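Asks: What follows is a single structure, and I will ask about it in a moment.
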Amino acid sequence: MISKDISLAVQHLNQNGIIGFPTETVYGLAGNAFDTEAIHKIFEVKKRPTFNPLIVHIKGIEDLKQVATEIPPIAYELANAFWPGPLTLILKKQPYIPDLVTANQDTVAVRVPNHPVALELLHQLDFPLVAPSANPFTSISPTSAEHVENYFGNQINMVLEGGECSAGIESTIIGFENNRVVVYRLGALALEEIEKISGSVTLLNKKDKKPIAPGMLLKHYAPKTDFILTRNVQEELDWYSDKKIGLLLYNSFMPDFERKNQIVLSEESDLKIAASKLYHAMHKLDKMNLDLIIAERLPEFGLGISINDRLERASKK
C-alpha cells in the first residue's frame, strides 16, 4: 500500500513494522534501529545476507552521539558540510546498537537524509531508522514508491510516498582509518566535493567477504535482463545483432537503432541529471522483454565515476 500518511508510518514503525520510505538517494526499507525484530524482518524481506551491514538514519547531527562514539573532528567537518545529504559516515558504534545492524562489527554507518518526508518522519519518532535500499538483494534500487510496491507488495506494512528521488543513486560512504579518509562506496556525493574538505581520500570500495559498508559487493544493482557495460556501443550491437537489445546511453541516441529501445540519461551531458535518471531507466529497460541491455560507460570524473561503479556491478561483462 502506497500512502502519504506519515502518522500511519509512525504507527507501523512503533509496532515493530517495516515500511518503504523516500530519501533523496533511493527509497529505503526502514525499521526501528534498536528493534531486532524489525531488523530481522528487513533482512528476510530483502533476502539480504546478514554479513552485509545496514545504514542508520538520524534526524540531525545532534543525534550522532546517540549511535556513534569516538567521533573524529574531520567527521564533524564533513557532517556539517554535507548533512542533510547523501554522505554516510562509518564510525565506532555505541555498544547498544544491535550487532545485526553492523554485521557484528564495531562500527556503524550513519547519515541524515535530505528529503522533507524522511526528515518529518524521523522527527516524529523516538528512535533512528535502519534503512537499506528497498529492493531485493542485488536488484535495481528503487527511486519511486511504485518500484517498492512492485518489489514487495504486502510483504511490508506500507510505502510512504515521497515522489521521485532527486539524487537517484545511493549515498557516498566514507570512514576513517589511521588518520586516512577512506571511501567505501562511491555515491551521489562526488569525491571532489569530499576532498575539498578532507584532502585526498583512499578508495576501498570492493569487498565480497565481510564488507565494512553496504554496496561493496561485486554483484549489485542488477536487472533481471542480461546487462553489459561498454565504451563502444556500436561494437556490441554488431556482436549481438541477433538479439533484441535495449540501450542505456549517456548523452545521445544511436541514429540507426530503434528509438523506442533507447534511453538517454542526459542530452545536456549533466552528470547529476544522469544519476537521477539511472535506476528509473534501468527499471524501464528491464520491463521491455529484451534479450540484452547494453549500457554506455560515462566519463570518468565527478558523478560519472559513481554511475560507472553502479553499471559495473550490474554488468556481467
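The values are calculated or read from the model by the stated rules, or taken from the named source; none is laboratory data. From a predicted model like this one, the values you see are computed outputs, not experimental measurements. When we count neighbours, we look across all protein chains shown, and the Cβ atoms used for this are built from the backbone with ideal geometry, even at glycine. Note: accessible area is taken over every heavy atom of the protein model, side chains too, but ligands, DNA and RNA are not part of it. Shrake-Rupley method; radii C 1.70, N 1.55, O 1.52, S 1.80 Å.
Asks: Name the residues in the stretch 164-214 that are small (G, A, S), within 21 Å of A131 (Cβ to Cβ) and open to solvent by 30 Å² or more (accessible area, probe 1.4 Å), would you?
Replies: The first filter runs over the stretch 164-214 and keeps only residues small (G, A, S), leaving 166-168, 171, 175, 187-188, 190, 198-200, 213.
Pick out the ones that are also within 21 Å of A131 (Cβ to Cβ) and you get 166-168, 171, 175, 187-188, 213.
Matches in the stretch 164-214: S166 only.
Asks: A further question on this structure: State which residue pairs qualify: first residue farther than 19 Å from Y151 by Cα and open to solvent by less than 30 Å² (accessible area, probe 1.4 Å) and inside the stretch 274-285, second residue part of a helix (DSSP H, G or I) and β-branched (V, I, T) in any location, beta carbons under 9 Å apart, and separation of 6 or more residues or different chains.
Replies: Qualifying pairs under 9 Å: A274/I307; A275/I307.
Asks: Return the pair list, or none, for Cβ contacts closer than 6 Å from residues in the stretch 46-60 that are of a type outside the set (F, W, Y) to residues that are open to solvent by 60 Å² or more (accessible area, probe 1.4 Å), at least 6 apart or on different chains.
Replies: K59/H123
Asks: For the stretch 205-266, which strands (runs of 3 or more DSSP E) that fit wholly inside it have 2 or more residues that are more than 30 Å from Y184 (Cβ to Cβ)?
Replies: Values: elements: 226-230, 245-249, 262-264.
Because the criterion is at least 2 residues that are more than 30 Å from Y184 (Cβ to Cβ), the strands (runs of 3 or more DSSP E) in the stretch 205-266 that meet it are 245-249, 262-264.
Asks: May I pose another question? Look at R259 and say whether it is closer than 15 Å to E312 by Cβ, over 18 Å from the mean Cα position of the chain (by Cα) and exposed (fewer than 13 other Cβ atoms within 10 Å of the Cβ). Even if it seems obvious, please write down each step before you answer.
Replies: Working: closer than 15 Å to E312 by Cβ: no; over 18 Å from the mean Cα position of the chain (by Cα): yes; exposed (fewer than 13 other Cβ atoms within 10 Å of the Cβ): yes.
Spelling it out, it is not the case that R259 is closer than 15 Å to E312 by Cβ, over 18 Å from the mean Cα position of the chain (by Cα) and exposed (fewer than 13 other Cβ atoms within 10 Å of the Cβ).
Asks: What's the total number of residues in the stretch 272-310 that are basic (K, R) and either farther than 16 Å from C165 by Cα or touching a strand residue (DSSP E or B) at 6+ places or on another chain (Cβ under 7 Å) (or both)?
Replies: Applying the first criterion (basic (K, R)) to the stretch 272-310 yields 272, 277, 284, 287, 297, 310.
If we keep only those that are either farther than 16 Å from C165 by Cα or touching a strand residue (DSSP E or B) at 6+ places or on another chain (Cβ under 7 Å) (or both) as well, we get 284, 287, 297, 310.
Going through the stretch 272-310 one residue at a time, the tally reaches 4.
Asks: Find the residue count for the stretch 46-96, including only residues that are within 27 Å of G168 (Cβ to Cβ), outside any helix (DSSP H, G or I) and charged (D, E, K, R).
Replies: Total meeting the criteria: 3.
Asks: Here's something else I'd like to know. Here is a check on your reading of the model: is L285 touching a Lys or Arg at 6+ places or on another chain (Cβ under 9 Å), part of a helix (DSSP H, G or I), of a type in the set (A, V, I, L, M) and under 22 Å from Y27 (Cβ atoms)? Spell out the reasoning first.
Replies: Values: touching a Lys or Arg at 6+ places or on another chain (Cβ under 9 Å): no; part of a helix (DSSP H, G or I): yes; of a type in the set (A, V, I, L, M): yes; under 22 Å from Y27 (Cβ atoms): yes.
For L285, the condition - touching a Lys or Arg at 6+ places or on another chain (Cβ under 9 Å), part of a helix (DSSP H, G or I), of a type in the set (A, V, I, L, M) and under 22 Å from Y27 (Cβ atoms) - is not met.
Asks: Another question, if that's okay. Could you figure out which of (1) touching a strand residue (DSSP E or B) at 6+ places or on another chain (Cβ under 9 Å); (2) hydrophobic (A, V, I, L, M, F, W, C); (3) free of Cβ contacts under 8 Å to residues at least 60 places away in the same chain isn't true of F43?
Replies: Status for F43: all satisfied but (1).
Asks: While we're here: Of the conditions (1) among the aliphatic types (A, V, I, L, M); (2) within 21 Å of G187 (Cβ to Cβ); (3) open to solvent by less than 10 Å² (accessible area, probe 1.4 Å), I55 fails just one. Which one is it?
Replies: (3)
Asks: Applying the selection to the stretch 303-317, what residues are crowded, with 17+ Cβ neighbours inside 10 Å and either over 15 Å from G215 (Cβ atoms) or not charged (D, E, K, R) (or both)? Before the answer, list the steps.
Replies: Let us first name the residues in the stretch 303-317 that are crowded, with 17+ Cβ neighbours inside 10 Å, namely 303-311, 313-315.
Hits for the stretch 303-317 are L303, G304, I305, S306, I307, N308, L311, A314, S315.
Asks: Out of the residues in the stretch 9-38 meeting the condition of being under 12 Å from V130 (Cα atoms) and among the polar types (S, T, N, Q), tell me which one is surrounded by the most Cβ atoms within 10 Å (Cβ to Cβ).
Replies: Only one residue tops the list, namely N32.
Asks: Do we have any residue at all in the stretch 215-232 that's farther than 30 Å from F137 by Cα and either modelled with pLDDT of 95 or more or open to solvent by less than 20 Å² (accessible area, probe 1.4 Å) (or both)?
Replies: Quick first cut of the stretch 215-232, residues farther than 30 Å from F137 by Cα only: none.
No: the stretch 215-232 contains no residue that is farther than 30 Å from F137 by Cα and either modelled with pLDDT of 95 or more or open to solvent by less than 20 Å² (accessible area, probe 1.4 Å) (or both).
Asks: Let me ask another. Given the criteria in a loop (DSSP other than H, G, I, E, B) and either in contact (Cβ under 8 Å) with a residue 60 or more places away in the chain or surrounded by fewer than 23 Cβ atoms within 10 Å (Cβ to Cβ) (or both), does F127 qualify? Before you say what the answer is, go through the steps one by one.
Replies: Values: in a loop (DSSP other than H, G, I, E, B): yes; either in contact (Cβ under 8 Å) with a residue 60 or more places away in the chain or surrounded by fewer than 23 Cβ atoms within 10 Å (Cβ to Cβ) (or both): yes.
Yes, satisfied.
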